[in-house]
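Below is one structure, written out as structure tokens, with a few remarks after it.
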Amino acid sequence: MKGAQIRSHFIEHFKKNGHTHVESSSLVPSNDPTLLFTTAGMVQFKDVFLGKDPRPYTRATTAQKCVRAGGKHNDLENVGFTARHHTFFEMLGNFSFGDYFKKDAIHFAWDLITNVWKFPKDRLYVTVFREDDEAAKIWHEQEGVAKDRIYRFDEKDNFWSMGDTGPCGPCTEIYFDRGEQYTDKKLGGADFKTQVDGGSDRYIEFWNLVFMQYDRDASGKLNPLPKPSVDTGAGLERIAMLLQGVATNYDSDLFTDILAQISKLVKRPYTSGDVSGGDEFTASFRVVADHARATTFLIGDGVMPSNEGRGYVLRRIMRRAIRHGRKLGFNGPFMHKVCGFVIEQMKDAYPDLVGKKAFIERAVMAEEEQFFKTLDRGLGLLDEEIAKLGSKRQLSGQVAFTLYDTFGFPLDLTRTITDERGITVDEKGFEEHMEKQREESRKHWKGTGDQETDAQWFQLVDQFKKANSLPEFVGYEHLEATGKVLFVSPDGTKVIVSKTPFYGESGGQVGDQGHIKSLKGDFEADVFDVQKPVPELIVAHIKPKKGFLKVGDEVAQYVHGETRALTARNHTATHLLHWALRKVLGEHVKQGGSLVNTELLRFDFSHFQAMTQDELTQVENLINQKIWAGDGVKKQIMKKDDAVKAGAIAMFGEKYGDVVRVVSVGDYSTELCGGTHVDSSNDIHLFKIGSEAGIAAGVRRIIAHTSKGAFEYLRAQDQKLKAIRDQIKASTVDEIPNKIDRNAAEMVELRKQLEKASSAQQGVEIDELLAKAEVIGAAKLVVGVVQDSSDGMKKLREMADRIKQKEPTSVIVLGVKEPESQKPFLIVATGPKTKGIVAGEVIKASADKFGGKGGGKPDFAQAGGTNVAGLQDAVATARQYVVKVLSSS
């Protein structure tokens, strides 16, 4: 049975049993900042289990994308070297939110396993928590599992907790017996418990059913939950391995096609079977295959390689794969092609990958090109440093950090390479260097200062729900509204009203401004900001001007019309910008973030190179044409699935419910959006791009202006041009380019004259140096400190080259000071016919005299110092070293 069929059977089985099929959530959790990645099927339902996110269903089933490669869940270094470890995998799951419990959960699983997938019952085993008599009884009496196939384990294996406190409960796991050939005889027994405890490959756990029936309090007491729930997870890759009767997950059809394509690319055969039964390249093939899957899905979900957080984990995954690809024989970028194979294999289950294919491949290609540039040099440095170790056998933390910081080698990559050679890494030393770097970063970081906690706001939501009084937003239709005060903060600066026209900051759009007053006339306040700390609440931040407000007061609220209008123009313009960028640059463009306020719009998007001026002009022209066409802007409420099918674009990282608001401009731009917008495109008036720049690898940022903001931006630009006109003494703004060209030509001519004079002056200095040169054997020693220069090192190089032309057997030791920086420099150079002198050795012997460090080639070396007073001493020391060497040769 193919992996795709297994996935399909699972989903269909649970749909037939009353479950709603919920699409896989992103690999970037939207509701849990404590997780780097989605690591299990229940992650997207965490708030549902906690009662914070009500859904229209109580039974759900998913095939969830998961990554375990960082933080608490880190399988990275095992991947490729074991039969079942992966960075990316799919977890099949079914969930009950206070609906069915143990009886149905066990029956649903057993029915699918034995009647649909046809696992032989005589090779199945189950485990339960040692105290869970109920589950053991259900397995035996309801499903007919023999008592000698039901094993009891302790908390470590069969009790699940969401955290130190909160929901928890026992779990039951289902195992398959792969046969005697997989028995680990070193464990001293072939029985189930001995083999499972010892980590044998004979009995494989492939489905875990968690029964959330308790709430653990701070004292450790287990309190029964009023509505027990079920969370199950079954690994698709393991099930495929078992049903297909192969030795490892990598031998299932989920991997064999990818491995075959890698083999074809590198022109090297892949050896299948156990890791121990493969060849020296088996693990590397598997690393590339696994990491290509993780890379494809992570980039598809918006993660880009970087040096921080999720991006750094992705970079580690990619660079580990590239290094193993190098071991296979790849000498240039290849990973992007493997990711293309992954997309082709997974496109039916994850059709969104098709539209992202070009972007994913370009993102991978860019990272490959960057790493391949430094890979050889980094490996060369590592070889050099290892050769110096002798019997020490430990690589210093300094070298490991240099490999990381300069050559892009993650620590685990360095550790893997050194492990292969029987060498350890001074990880403590590495961390010390990393900490110094982090400390520098911390100096430039500021916190948000937000002291409110989610718990306070969720308590209010629960309170309002019980009273059937959740606040209502009427601001799409009205800029004024009357309502009753539901909440006032103790300091009187935050207010929640039953019916409000104020838009709370969300989706990149800032909150409204306006004012509020009581109907009795005894209170007035300015509204300077509006926030949505949780989706159900709109909190107005106010500055009272008169009186006090209390819960129950009737108030009138007024949105500042111009502020709302300017913000709406910028928000609709972001939709037009997204459309235009995709039209000009390609469908790979995806919105990565935005900011919309009264003054400007900021739009982050995926693209791999700076936009050309022609592309920027095309985008501006397209948008302004649509603005001036006066296209209608339609807002409607739809089911999310219907909206997406109709072509609506959903923003990465945003969390949507089953019913969404859809904003369409004409027949060309349709997006899911809860923001405020204009009614016609010509309400935007004018669109002008202010800047376009890169903010991260593969992410660009445009700042633009519309309407009044566009006029003010253009006026400011005009004023700058007029200031330049006056400064360069052009008669008109139109004359500025010609005037600049003339000034530039004059500057080129002046520079030529200056260089000519400088060359003549250097000639004089060279003649003086040669006149004082010492002849030692066949060599002529030219020594001196030359006149100060603003570009000292350049001057020394030029003078050395001219002296070598005149005196092929020369040894040159020259120093110079830069007057502005007061920095001293020293060079040592040898002529083409000079013998016996190694320039780098001379520098090493003398640079410390002026606080310097340096190095170079045998015929040229240089050093920069910190102590200008020591320059003469450094030159003298270098001369003495040369004299000694020449005299003894």
> Which ones in the stretch 656-695 are surrounded by fewer than 17 Cβ atoms within 10 Å (Cβ to Cβ) and among the aromatic types (Phe, Trp, Tyr)?
Replying inline: TYR656, TYR668
>> Please go through the stretch 696-710 and give me each residue that is of a type outside the set (A, V, I, L, M), closer than 30 Å to PRO305 by Cβ and surrounded by fewer than 21 Cβ atoms within 10 Å (Cβ to Cβ), ordered by number.
In response: ARG701
> What number of residues within the stretch 711-732 are touching a helix residue (DSSP H, G or I) at 6+ places or on another chain (Cβ under 9 Å) and either open to solvent by 40 Å² or more (accessible area, probe 1.4 Å) or at pLDDT 95 or above (or both)?
Replying inline: 8
>> For the stretch 191-217, give me each residue that is open to solvent by 60 Å² or more (accessible area, probe 1.4 Å) and more than 25 Å from PHE97 (Cβ to Cβ).
In response: ASP191, LYS193, ASP197
> Pairs, please: C-beta under 6 Å, at least 6 apart or cross-chain, first residue on the phi < 0 side of the Ramachandran plot and in the stretch 366-378, second open to solvent by 30 Å² or more (accessible area, probe 1.4 Å) and hydrophobic (A, V, I, L, M, F, W, C)?
Replying inline: ALA366/PHE608
>> I need the full set of residues from the stretch 595-611 which are open to solvent by 30 Å² or more (accessible area, probe 1.4 Å) and in a strand (DSSP E or B), in order please.
In response: LEU595, ARG602
> Which one of GLU384, GLU369 is part of a helix (DSSP H, G or I), exposed (fewer than 13 other Cβ atoms within 10 Å of the Cβ), under 20 Å from the mean Cα position of the chain (by Cα) and modelled with pLDDT under 90?
Replying inline: GLU369
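Could you tell me whether ILE423 is surrounded by 12 or more Cβ atoms within 10 Å (Cβ to Cβ), more than 22 Å from GLY329 (Cβ to Cβ) and touching a Cys at 6+ places or on another chain (Cβ under 8 Å)?
Here the answer is no, as ILE423 does not meet what is asked.
Yes/no matrix, rows are residues, columns are (1) of a type in the set (Asp, Glu); (2) under 19 Å from ARG238 (Cα atoms); (3) surrounded by 17 or more Cβ atoms within 10 Å (Cβ to Cβ):
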{"position": "GLN5", "(1), (2), (3)": "no, yes, no"}
{"position": "SER8", "(1), (2), (3)": "no, yes, no"}
{"position": "HIS13", "(1), (2), (3)": "no, yes, yes"}
{"position": "VAL22", "(1), (2), (3)": "no, no, yes"}
{"position": "PRO29", "(1), (2), (3)": "no, no, yes"}
{"position": "LEU35", "(1), (2), (3)": "no, no, yes"}
{"position": "PHE49", "(1), (2), (3)": "no, no, yes"}
> In the set ASP529, ASP512, which member is in a strand (DSSP E or B), closer than 18 Å to THR676 by Cβ and at pLDDT 95 or above?
Replying inline: ASP529
> What tally of residues in the stretch 344-364 results from selecting those that are open to solvent by 20 Å² or more (accessible area, probe 1.4 Å) and either touching a residue at least 12 places away in the same chain (Cβ under 8 Å) or assigned to a helix (DSSP H, G or I) (or both)?
Replying inline: 12
> Any residue in the stretch 621-630 that is surrounded by fewer than 24 Cβ atoms within 10 Å (Cβ to Cβ), touching a helix residue (DSSP H, G or I) at 6+ places or on another chain (Cβ under 6 Å), on the phi > 0 side of the Ramachandran plot and not in a helix (DSSP H, G or I)?
Replying inline: yes
>> Please return the ranges of strands (runs of 3 or more DSSP E) entirely within the stretch 796-868 where 2 or more residues are open to solvent by 50 Å² or more (accessible area, probe 1.4 Å).
In response: 853-857
>> With the structure loaded, tell me whether PHE502 is of a type outside the set (Ser, Thr, Tyr), touching a residue at least 24 places away in the same chain (Cβ under 8 Å) and open to solvent by 10 Å² or more (accessible area, probe 1.4 Å) or whether it fails that test.
In response: no
> Out of PHE341, PHE297, PHE330, PHE285, which single residue is in a loop (DSSP other than H, G, I, E, B), more than 22 Å from GLY694 (Cα to Cα), among the hydrophobic types (A, V, I, L, M, F, W, C) and in contact (Cβ under 8 Å) with a residue 12 or more places away in the chain?
Replying inline: PHE330
>> If a residue must be farther than 30 Å from ALA294 by Cα, open to solvent by less than 10 Å² (accessible area, probe 1.4 Å) and small (Gly, Ala, Ser), how many such residues does the stretch 90-105 contain?
In response: 1
>> Looking only at the stretch 196-225, filter to residues that are among the polar types (S, T, N, Q) and part of a strand (DSSP E or B); which one of those is nearest to the chain's Cα centre (by Cα)?
In response: ASN208
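The values are calculated or read from the model by the stated rules, or taken from the named source; none is laboratory data. Not measured: the values here are computed from a predicted model. Methodologically, a virtual Cβ is constructed for each residue, glycine included, from the backbone with ideal geometry; neighbour enumeration extends over all protein chains shown. SASA here: full protein model, heavy atoms, side chains in, ligands and nucleic acids out. Shrake-Rupley method; radii C 1.70, N 1.55, O 1.52, S 1.80 Å.
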